[in-house]
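The structure appears right after this line, and notes come after that.
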Amino acid sequence: MKRLTEIEIQNALSSLEGWKMVKDGIVKSFVFKSFKDALASMNRIGEVAEEINHHPEWFNVYNKLDIRLSTHDIGGITQLDIDLAKAIEEIVKG
């Protein structure tokens, strides 16, 4: 797996609303109707992450969920991060 260039990342993020590039990762914050809705989405995201063996960093308080994706063994952003971000978008949009 290769680390994406900044141009490749920006091109990929152009189709992912709200995702932003930060140092060695991509991030997005989500707000749900309730904690129950946030937790349900986290569970569904967790299932997908486990299937592809690529796990997000996340922080949850009540109905808010902050997600950071990065491929740690590469030290940056790879196609796995972009693919997981796309899957997360589908899950959250439900």
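Only the coordinates and a few stated rules stand behind these numbers; no lab work does. In this text, all values refer to a predicted model and were calculated from it rather than measured experimentally. Here the Cβ is made from the backbone with ideal geometry for all residues, glycine too, and neighbour counts use every protein chain on show.
My understanding is that a pair violates if its Cα-Cα distance is over 27 Å; which of Lys2/Lys64; Lys64/Lys93; Lys2/Lys33 do that in this structure?
Exceeds cut-off: Lys2/Lys64; Lys2/Lys33.
Can you sort Ile67, Ile77, Ile9, Ile52 by how many other beta carbons sit within 10 Å, fewest first?
Taking fewest neighbouring Cβ atoms as first place, the list is Ile52, Ile9, Ile67, Ile77.
Hey, got the dipole for segment 6-93? About the Cα centre, +1 on K and R Cβ, -1 on D and E Cβ, debye to the nearest 20?
480
Starting with the fewest neighbours, write out Met21, Met42 ranked by other beta-carbon atoms found within 10 Å of each beta-carbon.
Ascending number of Cβ neighbours within 10 Å: Met21, Met42.
Neighbouring Cβ atoms within 10 Å as the yardstick, rank Leu16, Leu69 fewest first.
Result, fewest neighbours first: Leu16, Leu69.
Want the number for Asn11 to Tyr62: 0.36 nm per residue separation, take away the alpha-carbon distance, what's left?
Taking 0.36 nm per residue and subtracting the Cα distance, the gain is 15.1 nm.
Relative contact order (percent) for the chain, with alpha-carbon contacts under 8 angstrom and 6 or more residues of separation?
Relative contact order comes out at 36 percent.
Between Lys93 and Lys23, how many nm apart are label points set 7 Å from Cα along the C-beta direction?
Distance between the two pseudo-spin positions: 3.3 nm.
Roughly what percent of Cα-Cα pairs across segment 6-93 reach past 15 Å?
54
From the helices alone, meaning DSSP H stretches of at least four residues, give me the mean residue ellipticity at 222 nm for the chain, per-run term -39500 (n - 2.57), in deg cm²/dmol to the nearest 500.
On the way: 3 runs with 41 residues, N = 94.
Here the helix-only value at 222 nm equals -14000 deg cm²/dmol.
Explain nothing, just compute: Karplus ³J(HN,Hα) = 6.51 cos²θ - 1.76 cosθ + 1.60, θ = phi - 60°, for every residue of segment 49-61 in order, whole Hz, x for Gly and Pro.
Taking θ as phi minus 60°, the curve returns 4, 5, 4, 9, 6, 9, 10, x, 8, 8, 9, 10, 9 Hz for segment 49-61.
Would you work out which of Phe32, Trp58, Ile82 lies farthest towards the positive end of the dipole of segment 6-93? Charges go on Cβ: Lys and Arg +1, Asp and Glu -1.
Phe32
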